[in-house]
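The values are calculated or read from the model by the stated rules, or taken from the named source; none is laboratory data. Source: prediction; values computed, not measured. Here the Cβ positions follow ideal geometry from the backbone for every residue, glycine too, while neighbour counts run over all protein chains shown.
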Amino acid sequence: MAAACAMLLFVAGALIFRSSQPSPDPGEGRWVQAAEELTDYDVTLKLLPDSREISITERIAFRNCTGEALRDLVLRTWLNAFQSEDTSPAAAEELYDACYPDGFSPGYLTIHDVQWNGEQRPYAFNDAAQTVLRVDIPPLPDGEAGEMTLRCVAKIPVCAHRTGVVDQTYQLGNVIPQVPLYQAHAWRTDEYVPIGDPFVSPCANYSVRVYLPEEYVPACSAALERNADGSWYGKIQAARDVALCVSPNYVMASGRAGNTPVYAYALSREGARRAMEDARKAIETFTSLYGDFPYPSLSVCSVDFPFGGMEYSGLVMIGQTYFLDTWKDTLELTVAHETAHQWFYGLVGSDQVNAPWQDEALCQYAMLRYVRARYGQSSFDSLKYYQVDAPMMERIPGSLTPGSPIDYFGSLTDYSAIVYGRGAALLLALEEMLPQGIDAFLAAYADRFAYQFVSRAEFESFLNTWAGADCSPLLLDYLDTAH
Ligand SMILES: [Zn+2]
């Protein structure tokens, strides 16, 4: 997610241009090798705009790589959290009016069928918000595989959030049920809290087929191409998730960053062109700093929500306000931050619930680094003052630190200042301390842990080895000490 929170503005005006069809060119990337041992998802989606529903058929070829026998499989059904005001992440007081300007609107999944290896299996939700679907399966030894089939219908709420529909634009983050990370002999069952991104998932391979009414333009983590039957199809390997944004109002601009196709979808031709250029520049800058782009393509989508942006593998959502001419600098910074997540979140996964700094502070630093690479030291210095120095000088109530888990935070403002701003200060301190600088470390970190999940302890251990010194006191000071 991006640090800045936009005030919502309504973007009016008829759309004149219609997108042309993207031309995916996935090519051969390093994700191909990473994909070999991963779970395969085959997902078919059909949008029914009249009822705001999406029918979902999902086949999951699950490989048990947990190191132990499993008696159940968990799917995270995040959409169900939107079912009631008590559990919706959009219904927090700070967000409610921006997310539900016309009042509360429920979103949920209706499950029709759950099968394992062709047989119906008992299932139950394990949490009040019904975001943890636990399916009993016959014992599955480590190293063995099986196939789960899930058929369900997603009711999309009228909600300006990472999941919702606004003015015919479907913002479909975290709608497709997926298997979470298995860690410490248990599935991750984190609560869908309103602040931060509570999604912790291993990389997996996704094939996606989408059926849409003719006038809808789809953007997807997997670049889609049109089939003869009118459906859209694409795939993405070694991805943390798959998100889509579809709208009859999208205009698309396309370009390339090296071998990587870049698509941007917005409500105006100029907005799409600008976002595509920003993403292209961000990919080029971060590729030179942190290694090759980790996915076959990147899509940047204008959405209506009260956040700056939101990252998914191969797709980022950006608040539509930033596409206005007067916000173009903010658009560029937000696109840079979200694009950096393709490396620090997508390529290198980390615990976004208990250590949100591990992707957010890195991406905020990467955004500053982008500015220095593109616009020079003085631009970097002035942005650093607002983004890092000012949060360091702020009086923060309580004992919140950048190392705090997301559910400690009660406001987006605090979360942003502490995890992003003060968190980025750690990276700037490491830049001073490490003989080869922080960028060389981050490039080595991205390479070493590509398509894996990295705990804070592993980050620290790798850093200490890299530095040839014990950096733990520095991390303790920046991440765990309230100033
Ligand atoms: Zn972020």
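Criterion first (within 14 Å of the chain's Cα centre (by Cα) and either at pLDDT below 95 or away from the ligand (no atom under 16 Å from the Cβ) (or both)) does residue 299 satisfy it? Reasoning before the result, please.
Numbers: within 14 Å of the chain's Cα centre (by Cα): yes; either at pLDDT below 95 or away from the ligand (no atom under 16 Å from the Cβ) (or both): yes.
So residue 299 fits the description; yes.
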Residue under evaluation residue 460, criteria (1) assigned to a loop (DSSP other than H, G, I, E, B); (2) surrounded by 15 or more Cβ atoms within 10 Å (Cβ to Cβ); (3) without any contact (Cβ under 8 Å) to a residue 24 or more places away in the chain; (4) not basic (Lys, Arg), criterion not met: (1)
State all residues of the range 69-86 that are closer than 16 Å to residue 179 by Cα and acidic (Asp, Glu); if no residue qualifies, say none. 72
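Does residue 331 qualify as being in contact with an Asp or Glu (Cβ under 9 Å, 6 or more places away or on another chain) and more than 25 Å from residue 457 (Cα to Cα)? Let's see the steps before the verdict.
On the way: in contact with an Asp or Glu (Cβ under 9 Å, 6 or more places away or on another chain): yes; more than 25 Å from residue 457 (Cα to Cα): yes.
Considered against the rule, which asks whether it is in contact with an Asp or Glu (Cβ under 9 Å, 6 or more places away or on another chain) and more than 25 Å from residue 457 (Cα to Cα), residue 331 comes out as yes.
Among the residues that make up the range 230-240, is at least one of them within 16 Å of the ligand (Cβ to nearest atom) and at negative phi? Give the derivation first.
Our first condition is that a residue be within 16 Å of the ligand (Cβ to nearest atom); within the range 230-240, this holds for 240.
Now restrict to residues that are at negative phi: 240.
Yes, the range 230-240 has at least one match.
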I need the full set of residues from the range 357-369 which are more than 9 Å from the ligand (Cβ to nearest atom) and either assigned by TED's automatic domain parsing to the domain that holds residue 310 or not aliphatic (A, V, I, L, M) (or both), in order please. 357, 358, 365, 369
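Can you name the helices (runs of 4 or more DSSP H) wholly within the range 273-386 that have at least 2 residues being touching a residue at least 12 places away in the same chain (Cβ under 8 Å) and either crowded, with 24+ Cβ neighbours inside 10 Å or of a type in the set (D, E, K, R) (or both)?
On the way: elements: 328-340, 357-375, 377-384.
By residue number, 328-340, 357-375.
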The condition of being hydrophobic (A, V, I, L, M, F, W, C), within 12 Å of the ligand (Cβ to nearest atom) and assigned to a helix (DSSP H, G or I) holds, among 417, 424, 390, only for 424
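If you check residue 151 against the conditions, is it under 24 Å from residue 419 (Cβ atoms) and among the charged types (D, E, K, R)?
Numbers: under 24 Å from residue 419 (Cβ atoms): no; among the charged types (D, E, K, R): yes.
Criteria not met by residue 151.
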From 97, 102, residue being free of Cβ contacts under 8 Å to residues at least 24 places away in the same chain and either surrounded by fewer than 15 Cβ atoms within 10 Å (Cβ to Cβ) or under 21 Å from residue 208 (Cα atoms) (or both): 97
The listed residue being without any contact (Cβ under 8 Å) to a residue 12 or more places away in the chain and among the aromatic types (Phe, Trp, Tyr), out of 420, 408, 415: 408
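Keeping to the range 370-382, report how many residues are among the aromatic types (Phe, Trp, Tyr) and more than 16 Å from the ligand (Cβ to nearest atom).
Number satisfying all stated conditions: 2.
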Identify, by number, the condition in (1) surrounded by 17 or more Cβ atoms within 10 Å (Cβ to Cβ); (2) over 22 Å from residue 167 (Cα atoms); (3) aliphatic (A, V, I, L, M) that residue 91 doesn't meet. (2)
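I need a count of the residues in the range 80-130 that are among the aromatic types (Phe, Trp, Tyr) and either outside the structural domain of residue 51 (by TED's automatic domain parsing) or part of a loop (DSSP other than H, G, I, E, B) (or both).
The first filter runs over the range 80-130 and keeps only residues among the aromatic types (Phe, Trp, Tyr), leaving 82, 96, 100, 104, 108, 116, 123, 125.
Narrowing the set further to residues that are either outside the structural domain of residue 51 (by TED's automatic domain parsing) or part of a loop (DSSP other than H, G, I, E, B) (or both) leaves 100, 104.
Residues meeting the conditions: 2.
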Looking at this structure, is residue 260 under 18 Å from residue 330 (Cβ atoms) and of a type in the set (Ser, Thr, Tyr)? no
